[in-house]
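J.: What follows is a single structure, and I will ask about it in a moment.
The values are calculated or read from the model by the stated rules, or taken from the named source; none is laboratory data. Only a predicted model underlies this, so the values are computations on that prediction, with no experimental measurement involved. Using ideal geometry, Cβ is built from the backbone for each residue, glycine included, and neighbour counts are taken over all protein chains shown.
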Amino acid sequence: MREFISPLASILLVGTVAVNVARFPLPDKWEGAIANRYIPSEYIVDRAINSSPHAHFYLTLRDQGISFVVKSECSEPDIIVSAAITVKSPKDVKSVASPPGVLDIRPVMRISRPEPVNSFIVNNASQIFADSYSTHIMTGANKVHEEGNFGQSIRIGIIDFGELLIHPPRLQLKETVILRY
């Protein structure tokens, strides 16, 4: 059993829940504000969960003479069956919704990236703020550095066995060797 949903499935699932309540009305003309809101000729086709595989759907479209390109598809059993397609001709859009098993066809909406809340351009090094959560500050290494000690003639060796010492089978051992210098 799968314990996760792919990112495309989660995005399409949100849209499908809303679509099952009310079908998306496709406008006859894509002009002005409507045209700027959607990506031209790109659509998400939602299909019934128990419908035939994508290949059968694509074959049906080709048999109808519809020219299209598949951008991505999503098949999550018992959750969602969808495909993002680019239709070559705008007049074919309504025909894409006609094959059996198609629940809805929706245009792909443009979502603009949000503007940053704050922006700061550094012109020189004196403008950089101190990092209060740095690992040097958290471990106290900054205080050692302030004293002028930057680790000259200090050697550190780490032997990593790739095994967690507190792993349950490891705890059952009577002897555990930990090397220290």
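For (1) surrounded by 10 or more Cβ atoms within 10 Å (Cβ to Cβ); (2) of a type in the set (A, V, I, L, M); (3) modelled with pLDDT of 80 or more, each residue gets a yes or a no:
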residue: Ser119; (1), (2), (3): no, no, no
residue: Tyr133; (1), (2), (3): no, no, no
residue: Gly151; (1), (2), (3): yes, no, yes
residue: Ile166; (1), (2), (3): no, yes, no
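J.: Restricting the search to region 64-94, which residues are more than 17 Å from Ile49 (Cβ to Cβ), outside any strand (DSSP E or B) and either modelled with pLDDT under 85 or not hydroxyl-bearing (Ser, Thr, Tyr) (or both)?
T.: Residues satisfying the conditions are Gln64, Gly65, Ile66, Lys88, Ser89, Pro90, Lys91, Asp92, Val93, Lys94.
Table: residues versus (1) of a type in the set (Asp, Glu); (2) at pLDDT 65 or above; (3) part of a loop (DSSP other than H, G, I, E, B); (4) over 41 Å from the mean Cα position of the chain (by Cα).
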| position | (1), (2), (3), (4) |
| --- | --- |
| Val122 | no, yes, yes, no |
| Ala130 | no, no, yes, no |
| Lys143 | no, yes, no, yes |
| Ile154 | no, yes, yes, yes |
| Gly157 | no, yes, yes, no |
| Asp160 | yes, yes, yes, no |
| Pro169 | no, no, no, no |
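J.: It is to be established whether one or more residues within region 96-106 are assigned to a helix (DSSP H, G or I) and either touching a helix residue (DSSP H, G or I) at 6+ places or on another chain (Cβ under 9 Å) or closer than 25 Å to Asn36 by Cβ (or both).
T.: Checked against the condition, which is being assigned to a helix (DSSP H, G or I) and either touching a helix residue (DSSP H, G or I) at 6+ places or on another chain (Cβ under 9 Å) or closer than 25 Å to Asn36 by Cβ (or both), region 96-106 yields at least one hit.
J.: While we're here: Within region 46-63, can you find the residues that are in a helix (DSSP H, G or I) and not polar (S, T, N, Q)?
T.: If the condition is that a residue be in a helix (DSSP H, G or I) and not polar (S, T, N, Q), then His54, Ala55, His56, Phe57, Tyr58, Leu59, Leu61, Arg62, Asp63 are the ones that fit.
J.: Regarding Val69, is this residue out of contact with any Asp or Glu (no Cβ under 6 Å at 6 or more places or on another chain) and either without any contact (Cβ under 8 Å) to a residue 12 or more places away in the chain or surrounded by 11 or more Cβ atoms within 10 Å (Cβ to Cβ) (or both)?
T.: yes
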